[in-house]
Amino acid sequence: MVLGTFCWWFFRHQQKLRLRAHLMQEAMRNHDFTFRLPTSGLLTGEKAMQEALNQLGQTIRRQVNQNEMESWERLTRVLTHEIMNATAPISSISQSMLNRPDVKGTALEAGIQAICTASQHLSDFVDSYRKLLQLQQPSLQDVRLTDFLQEIQQLYPQVTWHCQVADNTIVSIDFNMLRQVFVNLVKNAIEAGATQICMEQNANTLYVSNNGQPIPAETRQNIFVPFFTTKYTGNGIGLPYSRRLMLQQGGYLNLEDQPRTGYHTTFSVEFSNDLTVCN
């Protein structure tokens, strides 16, 4: 009887392990490295292996996204260089034409002025993005996380805040870099109609959720691509720049597949080490 029960349990257990292996294979085949399978019901060695695989999936995801960002940055550097080379003479020549007395007051002036203005705006935009790529090395300092978040909250009093962060949590960050990341996240949330923002702490991650309009499924994969935007007045720089700032500090910024309960969008801000709780 005991042997029969053991054989039945062993057979069922092996089936579950095969299902786990199949699910992970399908996830990797679809380039989805966000999988995290539960460890309940596993033996000690199997549990350790599953935790390692879960962590490996997260590591691969971060490496893939980082490589993708670096590729976009290399491409952007080439494009910005070529665009600057093309717009500089257009701006210079059109400005010279506007200064000619035979152009002033004629029908040509308005057209040349439009060309000059457009080329200058394009040059300014490309130049500003090029400067964003030239980040300085971070100056890390220990900061009480609640003090940092309180400063962010004071910038946006029109939002209802919910913070689930321990009062004595210390994080090693570049204050100005992290401040820019959170300003971009909150600003985007408000522009999406958010009235509530929630901060939740878990290990080395801070989850930033809002109840604004959810990000459409067809655009989720592109929000960290430079220059991609769905806003009429957007430039597609904010989120790629924010992720770059986190990488510069040894952290990471990502859009979660599943938002926290009660919210429509959740970003995860991962720090290089577990958040320290001081006494």
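The solvent-accessible area of Met49, taken with every protein chain present and a 1.4 Å probe, is close to 120 Å². Just add up the charged neighbours of Tyr207: K/R +1, D/E -1, any other residue whose Cβ is under 12 Å from the Cβ of Tyr207. Result for the local shell: -2. Here is the size of the chain from its Cα atoms: Rg then Dmax, 25.2, 106 Å. Measuring with a 1.4 angstrom probe and ignoring ligands and nucleic acids, Ile93 comes out at about 110 Å² accessible. Each residue of segment 166-183 is assigned a 3J(HN,Hα), and the resulting list reads 5, 4, 9, 7, 10, 10, 8, 9, 8, 4, 5, 5, 5, 4, 5, 4, 6, 4 Hz, derived from the Karplus form 6.51 cos²θ - 1.76 cosθ + 1.60 (θ = phi - 60°), x at Gly and Pro.
Can you work out the FRET efficiency for the pair Leu75 and Lys16, with r the C-beta to C-beta distance and R0 = 51 Å, to the nearest 0.05? That pair, Leu75 with Lys16, gives E of 0.70. Looking at the chain, the accessible area is 60 square angstrom per residue; that uses a 1.4 Å probe and ignores ligands, DNA and RNA. Based on Cα contacts under 8 Å between residues 6+ apart, the chain shows a relative contact order of 14 percent.
Element breakdown for the chain at a 1.4 angstrom probe: carbon and sulfur atoms account for 55% of the accessible area. Couplings for segment 6-12, taken from phi via the Karplus curve 6.51 cos²θ - 1.76 cosθ + 1.60 with θ = phi - 60°, read 5, 4, 5, 4, 4, 4, 4 Hz in order; Gly and Pro are left as x.
The values are calculated or read from the model by the stated rules, or taken from the named source; none is laboratory data. Here the structure is a predicted model, which means the values were calculated and not measured. Using ideal geometry, Cβ is built from the backbone for each residue, glycine included, and neighbour counts are taken over all protein chains shown. When the accessible area is computed, the model is the full protein with side chains, heavy atoms only, and any ligands, DNA or RNA have been set aside. Shrake-Rupley method; radii C 1.70, N 1.55, O 1.52, S 1.80 Å.
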